[in-house]
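The values are calculated or read from the model by the stated rules, or taken from the named source; none is laboratory data. No experiment lies behind these values; they were computed from the predicted model shown. Here the Cβ positions follow ideal geometry from the backbone for every residue, glycine too, while neighbour counts run over all protein chains shown. Quick note on the areas: whole protein, heavy atoms, side chains included, nothing else; ligands and nucleic acids left out. Shrake-Rupley method; radii C 1.70, N 1.55, O 1.52, S 1.80 Å.
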Amino acid sequence: MKRVLVLTGGGDCPGLNAVIRAIVKRASQEKDWEVLGSIQAFNGVLWEPSEIVRLTPESVRGIHFRGGTILETTNKGGPFSWPVKNNDGTWTTVDRSDEMIRKLQYMGIDCVINIGGDGSQRISKKLFDKGLNIIGVPKTIDNDLSMTDSTFGFQTAVEIATESVDKLVTTAASHNRVFVLEVMGRDAGWIALNAAVAGGAEVCLLPEFPYDIEKVKEKLESRFVNDRGFAVVVISEGAKPKDGQQVFEVSKEVGYENVKLGGIGQKFIEQMKAAGFKHDMRETTLGHLQRGGVPVAYDRVLAAQFGVKAFEMVLNQEYGKMVAYRHPNIISVPLEDAVAKMNFVTMDNDLVKTAMGLGISLGI
Ligand code: F6P
């Protein structure tokens, strides 16, 4: 029997379970393959004792519409930076990648499918360079990977953000207020831009375009006549003012290498008030609500396509590659290219032109 090990790494994302199910269903059509899952990304392999589960068509039945991941996930540590506590109570990290590859050989694993975002695929690339047979499946609600037209989870996040804009519009109009909706988007503003266009926001502030508070103020004031009016601002968590900083806190969690973004919505209100904006403003942060729950049909379909393709890449021994969507096809691209460049919003993007054509201010 040949063995493929599946794992999910990084932040979770609606559609992960649909990918796992698709891999297992496709693999079950082959007589000589079995599918195993590692719990919490590579931790399941590295832990003593290891935590590896057998994935069968029965064990993945009906999970395609469940949010999260049945394999659990982590965005802390990993085989190249495994957290270890020093005698003095401080923490350091060690590289356990060679040991992990030996463990995988010992377990009789022929190939690994790593479902994850840019950080996870960087790990895939480094493991491939060390000789591991590995295939990547891209995942991120931020849609910031450049080699795939889109990633599953993104449409679900946009849907949730858009529904929130719709809800805020009615209360904003009733109270003659400005509502500021902070959405996820660390370095790429795709969720904010799509939700602003779909929800009819007046202002959309993105990490890619540092905003000019005076220009935003001018736009928002134009929405009020004799103190009556309303507006919705959609702001990415990674947005920042011209000559200003992102709002974040450095995480103290062991092995967590990300900074925690969040709070720019409230900061933006303070900046508007300091700039002399008089109308009532309120802020809502969506946070992880955008990452949980049921994936929309589009994301389930994409996830199913990615899962089936990933297993077919296993059969074709297309190691060192990542599944990608290039309309209308599902293709494979080298991991090296997949992690080389991120997908950011640029001024020449057609959706930016659409937003500007609709009169949405980007604060620039
Ligand atoms: O990368 C996806 C993402 O949801 C970002 O938009 C966000 O900044 C980050 O993950 C949050 O990560 P965590 O779950 O560790 O707070």
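Structural remarks
- Criterion: small (Gly, Ala, Ser), open to solvent by 40 Å² or more (accessible area, probe 1.4 Å) and in the same structural domain as SER236 (by TED's automatic domain parsing) - qualifying residue of SER174, SER164: SER174
- Single residue of segment 11-28 satisfying the filter (assigned to a loop (DSSP other than H, G, I, E, B) and open to solvent by 10 Å² or more (accessible area, probe 1.4 Å)) that is farthest from the ligand (Cβ to nearest atom): SER28
- Contact map, segment 62-82: first residue in the same structural domain as PRO14 (by TED's automatic domain parsing), second residue open to solvent by less than 40 Å² (accessible area, probe 1.4 Å) and of a type in the set (Lys, Arg), Cβ cut-off under 7 Å, separation 6 or more or different chains; pairs are PRO79/ARG96; TRP82/ARG96.
- Qualifying residue in segment 266-275 (condition: surrounded by fewer than 19 Cβ atoms within 10 Å (Cβ to Cβ) and either in contact with a Pro (Cβ under 8 Å, 6 or more places away or on another chain) or not assigned by TED's automatic domain parsing to the domain that holds LEU181 (or both)): yes
- Residue in segment 184-201 that is surrounded by fewer than 18 Cβ atoms within 10 Å (Cβ to Cβ) and more than 30 Å from TRP91 (Cβ to Cβ) present: yes
- For segment 105-145, the tally of residues that are closer than 12 Å to VAL4 by Cα and of a type in the set (D, E, K, R) stands at 1.
- Out of VAL296, VAL301, VAL308, sole residue that is open to solvent by 20 Å² or more (accessible area, probe 1.4 Å) and touching a Lys or Arg at 6+ places or on another chain (Cβ under 8 Å): VAL308
- Selected residue (criterion: farthest from the ligand (Cβ to nearest atom)) from residues of segment 221-262 that are touching a residue at least 60 places away in the same chain (Cβ under 8 Å) and crowded, with 16+ Cβ neighbours inside 10 Å: PHE230
- Any strands (runs of 3 or more DSSP E) falling wholly within segment 35-144 and containing at least 1 residues that are open to solvent by 30 Å² or more (accessible area, probe 1.4 Å), more than 16 Å from the ligand (Cβ to nearest atom) and in contact with a helix residue (DSSP H, G or I) (Cβ under 6 Å, 6 or more places away or on another chain): 52-55
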